[in-house]
Amino acid sequence: MRMLAVDPGEKRLGLALSDPSGTIANPLMVLKHVSHLIDAANIADIARQNQVERIIVGQSLDDEGEATPQSRRAAHLAEAIHNQSGLPVELWEESYSTQAARQAQIALGVPRRKRRGHLDELAATFILQTYLDAHAEQP
């Protein structure tokens, strides 16, 4: 089952796509944030183009696991994506995904000058891979 993950941000949305078997996440692209409705329509269109069956939206919770203003925006986006696409949309806890993406770049030996800039699609990849790993069928 192919899945799409969204790392929602105030300026950009990172997207990641799984392989057809739903086991490996890969960075896809970054979209500029316009509005929830336009973003949702763009994401729904990308999902259709890639034959996605489920969409995962990253949601950051506070230290007590409670909703934050950012997580409420993610929930509104997830609802808009579901309404636009008709696909199942799940919220997935994504705290520290950007830091994990930065650490992955360091581990891979990416030079500091090339690590500047946004990490949105890598954060979406981290979100999707943690979701896939948590839902992998046990042998």
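No lab work stands behind these numbers, since they all come straight from the coordinates. Everything numeric in this text was worked out from a predicted model, so none of it was measured. Methodologically, a virtual Cβ is constructed for each residue, glycine included, from the backbone with ideal geometry; neighbour enumeration extends over all protein chains shown.
Return the inverse of the average 1/r over all pairs of distinct C-alpha atoms in region 2-92, which is the Kirkwood hydrodynamic radius, in Å to one decimal. Could the numbers behind the result be given before it?
Details: mean 1/r = 0.0769 Å⁻¹.
So the Kirkwood estimate lands at 13.0 Å.
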Kindly rank 125-133, 59-67 from highest to lowest mean number of other beta carbons found within 10 Å of each residue.
125-133, 59-67
Per residue of region 64-81, in order, report the coupling 6.51 cos²θ - 1.76 cosθ + 1.60 (Karplus, θ = phi - 60°) as ³J(HN,Hα) in whole Hz, putting x for Gly and Pro.
8, x, 8, 5, 10, x, 5, 5, 5, 5, 5, 5, 5, 5, 4, 5, 5, 5
5 Å is the cut-off here: which amide hydrogens, built 1.01 Å from N in the peptide plane, fall below it relative to V57, excluding neighbours closer than 5 in sequence?
V6, E90, L91, W92
